Structures are given as structure tokens and as C-alpha cells.
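The values are calculated or read from the model by the stated rules, or taken from the named source; none is laboratory data. As the structure is a prediction and not an experimental result, all values here were calculated from the model. Cβ coordinates were reconstructed from backbone atoms using ideal geometry, including for glycine residues, and neighbour counts include every protein chain displayed.
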Amino acid sequence: MECVIVDGEVLDRTVAKVDIEDRGYQFGDGVYEVIRIYNGKMFTGKEHLNRLVESAEKIRMKLPFSTEELESKMEELISKNELDTGIVYMQFTRGTSPRNHVFPASDVAPTFVAYTRKVARPVESMEKGVRSILDEDIRWLRCDIKSLNLLGNLLSKQKAAEAGCFEAILHRGETVTEGSHSNISIVKDGVIITHQADNFILNGITRQKVLEICSNENIAFEERAFTLDELSSADEVFSSGTTVEVMPIVEVDGKPVGNGEPGPVTRNLQNLFKAEIERQCGN
Ligand code: PLP
């Protein structure tokens, strides 16, 4: 039996139900998180749960559970499903009420669902690197919120997939923001450059962990917006995210990055990131 959580209760997935007037379903009115599981343990779990609370606050939604309660519920689900390597997905919507753009009354409780899925580490792609396309960033101006409104991301990712690519690198005019489902960094003369954490990007937990590693290891980095020209003359480009970890990008719009192979700075970060996973979750 595959277990899921609906409103705090652990259920068999086949009997779990959400109402057709759930606001997540009708408006995308909600927030979510994806947490990586290695060896049955959550990696950077607290950071993800804190971001979930922050995302909820930004859309004026109060979560009915504390981060400690959520953490123990996720642990219960991971253990019930005997998950070793994968993800846990969790989502809160503003609840169920007759369709109306205005928020429902305060006694309408948010809907909470969570499930797990087996997801292997993408070792082959991480070894060889992946291809990408460029796409105009048409999303709204609050990309810092991990909200259920992902249409802009979906349209770009679909374009990338149809071009046989892993990621779409998004740009607003000349400025690169992030990827359709990951953060983007470039490396120039040994310095890592990645967009500052503001309303134009999701401040990835992986991005933050990579920058923390850089600080500890004295690897130079700059948090600032970079341009399409800087992207096309970068020595290395990489994507970072919960499921993809540190992923080398070796081609942008059909043009090789550097010599078309994953570069030394990205390789070093991949190794340091793996060491951090092993430190937190064992090996
Ligand atoms: N940016 C976007 C648009 C994303 O969807 C994601 C991950 O899903 C990220 C960045 C990376 O965030 P994280 O490292 O927290 O997974």
C-alpha cells in the first residue's frame, strides 16, 4: 500500500480525496515544497519547511501545523512507504469553499496533502552534463514564492523538452533570472555568479547550500544578475535544485559552454555537495 497524507491523516493513496472546489485546484491558490530523501532521511529538511512557512506567509495563509509537526509527519510517511532515495512532496492550499476570488472565511482550514516518490540521483546527467535552451521569462513578479502557479515554468520546460533539452534558462530582456525548475549559475575566471535572492527568482535551498559551501571552502562567488552576453561567454554554467543537485549545463541554444564538457569548478562543487549529503544523511 502506498501511503499519503491528507489534512494530517495518513491514508491509503487509493482512498485519498480532495474536493473539486479546492482553491489549489481552481486557482493554484497554495504553496508547496519538495524535499530530497537520501537513505530514508530528509536532506536540508528544516530549510525547506521554513521556506514553506515563509511562502505561506507571503500569500497571507497560516499553516495549521508547526514545522516540528510537519517534520515528524514527513518522517512517518517516509518510514511507512519505506522510502530510501526519493522525494517527499507537500502542498497546502487555502482550502475548499464555493468558488470566489476573495479569500474564504477564516474558519476554512487549508488543505494539506503530502506523498513520497522514489527518485534516483541523476548520476549519468550529472556526469555528462545536460543541454538547455533560452526562453523569455514571462512569469509574475513574485517568483520568490514557491506557489502552485507554475504555468510560466511549465510552458518553458515543455519548450525545452520538445527541443530535447533538460532545462530552459529564463531571461527578462538581457538579464538572466533562473531556470524553469532550477537556479542557474555561471562561472567566469573561477568566480561563480548567480542571481541575487529577490522577487525575480526562487531562492533555492540547493543554491543556498552551494553558496554556504563556497563560503566555507573559500570559493569566490557573486550574487548579482548577469546578462545573456555573460552567459554566452561563461567558462561553465550549472543548474541547481533539489532533485538535480549540481547539474552541469554544457550547451545553451545549440552552442557549447566552454569546451562543451562539465568544468572543474562545477565538478568540485558536485563533490563538495555530495560530501554534504553524506554528512547529513550518511552514505
Ligand atoms: N527555481 C525554480 C523555479 C524551481 O522550481 C526550483 C526547484 O524546484 C528551484 C529554483 C530550485 O530550488 P531548490 O534548490 O529549493 O529545489
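Residue pairs whose Cβ atoms lie under 9 Å apart, separated by 6 or more positions or on different chains, with the first residue in the stretch 148-168 and within 17 Å of Thr243 (Cα to Cα) and the second assigned to a helix (DSSP H, G or I) and polar (S, T, N, Q), are Phe166/Ser125; Glu167/Ser156; Ala168/Asn153; Ala168/Ser156; Ala168/Gln158. Could we say that Gln196 is touching a residue at least 24 places away in the same chain (Cβ under 8 Å) and in a helix (DSSP H, G or I) here? No: the conditions fail for Gln196.
Pick from Asn218, Asn271: which is within 16 Å of Ile193 (Cα to Cα) and not aromatic (Phe, Trp, Tyr)? Walk me through how you get there before you give the answer.
On the way: Asn271 fails: within 16 Å of Ile193 (Cα to Cα).
Criteria check complete, one pass: Asn218.
Filtering the stretch 182-191 for residues that are within 15 Å of the ligand (Cβ to nearest atom) and either among the acidic types (Asp, Glu) or not in a strand (DSSP E or B) (or both) leaves a non-empty set. I'm checking my understanding of the structure. Among residues of the stretch 201-221 that are more than 8 Å from the ligand (Cβ to nearest atom), under 24 Å from Tyr32 (Cβ atoms) and free of Cβ contacts under 8 Å to residues at least 40 places away in the same chain, which one is surrounded by the fewest Cβ atoms within 10 Å (Cβ to Cβ)? This residue is Glu212.
Looking at the stretch 209-226, can you tell me whether even one residue there is more than 18 Å from Val265 (Cβ to Cβ) and of a type in the set (S, T, N, Q)? Looking for residues that are more than 18 Å from Val265 (Cβ to Cβ) and of a type in the set (S, T, N, Q), one finds none in the stretch 209-226, hence no.
Counting residues that are in contact with a Pro (Cβ under 8 Å, 6 or more places away or on another chain) and within 16 Å of the ligand (Cβ to nearest atom), which strands (runs of 3 or more DSSP E) fully inside the stretch 69-168 reach at least 1?
Values: elements: 86-93, 111-118, 130-136.
Filter on the stretch 69-168 gives 130-136.
If the condition is being surrounded by 23 or more Cβ atoms within 10 Å (Cβ to Cβ) and either among the basic types (Lys, Arg) or over 12 Å from Arg224 (Cβ atoms) (or both), then the stretch 167-200 contributes Glu167, Ala168, Ile169, Leu170, Glu178, Gly179, Ser180, Ser182, Asn183, Ile184, Val187.
So is Phe27 among the aromatic types (Phe, Trp, Tyr) and crowded, with 16+ Cβ neighbours inside 10 Å or not?
So Phe27 fails the test.
Scanning the stretch 1-48 for residues that are free of Cβ contacts under 8 Å to residues at least 24 places away in the same chain and not in a strand (DSSP E or B) yields Met1, Thr14, Val15, Lys17, Ile20.
Conditions (1) over 21 Å from Ala120 (Cβ atoms); (2) in the same structural domain as Glu47 (by TED's automatic domain parsing); (3) among the small types (Gly, Ala, Ser), marked per residue:
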| position | (1), (2), (3) |
| --- | --- |
| Val191 | yes, no, no |
| Arg207 | yes, no, no |
| Glu222 | yes, no, no |
| Ala225 | yes, no, yes |
| Val246 | no, no, no |
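For the stretch 48-84, the set of residues classified as surrounded by 15 or more Cβ atoms within 10 Å (Cβ to Cβ) and among the acidic types (Asp, Glu) consists of Glu71, Glu75, listed by residue number.
Going by the conditions given, is Ala234 away from the ligand (no atom under 16 Å from the Cβ), in contact with a strand residue (DSSP E or B) (Cβ under 9 Å, 6 or more places away or on another chain) and aliphatic (A, V, I, L, M)? Against the criterion (away from the ligand (no atom under 16 Å from the Cβ), in contact with a strand residue (DSSP E or B) (Cβ under 9 Å, 6 or more places away or on another chain) and aliphatic (A, V, I, L, M)), Ala234 qualifies.
Entry remark, the stretch 20-56: residues being of a type outside the set (Asp, Glu) and within 18 Å of Ala109 (Cα to Cα) number 14 in total.
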